[in-house]
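The values are calculated or read from the model by the stated rules, or taken from the named source; none is laboratory data. Remember, it's a predicted structure, so these values are computed and weren't measured experimentally. Methodologically, a virtual Cβ is constructed for each residue, glycine included, from the backbone with ideal geometry; neighbour enumeration extends over all protein chains shown. Quick note on the areas: whole protein, heavy atoms, side chains included, nothing else; ligands and nucleic acids left out. Shrake-Rupley method; radii C 1.70, N 1.55, O 1.52, S 1.80 Å.
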Amino acid sequence: RTCDQLRCTACDFRVSLFNDYIWDQSCDYLFFRNNMPELSKLRAKMIKKKGARAYACQCSWRSIAELTDLQTDQQLRWVCGKH
């Protein structure tokens, strides 16, 4: 299970998640800064991968293909936005 209300304390954006996708390796900070949260623009760098999940805010992004504790990633500033 994962929180579906994640919020980034660095950019103050809601973290978007996309089931069955990963981010292309060419993604960079400017791509997300300029295109979040417009799905139509984000799709340009999304790759279909069954069972994976792509996460992104305006300043950080991750592709997760297996069970991972995101709290151990010291670079992420994502917290539960409350339910």
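Given the options LEU67, LEU6, LEU76, name the one that is at pLDDT below 95 and touching a Cys at 6+ places or on another chain (Cβ under 7 Å).
Working: LEU67 fails: touching a Cys at 6+ places or on another chain (Cβ under 7 Å); LEU76 fails: touching a Cys at 6+ places or on another chain (Cβ under 7 Å).
On inspection, the qualifying residue turns out to be LEU6.
Can you pull out the strands (runs of 3 or more DSSP E) entirely within the chain that have at least 1 residues that are open to solvent by less than 90 Å² (accessible area, probe 1.4 Å) and aromatic (Phe, Trp, Tyr)?
On the way: elements: 6-8, 16-23, 46-56, 61-64, 78-80.
Passing ranges, in order: 16-23, 46-56, 61-64, 78-80.
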May I ask you to list the residues in segment 25-83 that are of a type in the set (Ser, Thr, Tyr) and free of Cβ contacts under 8 Å to residues at least 40 places away in the same chain? SER26, TYR29, SER40, THR68, THR72
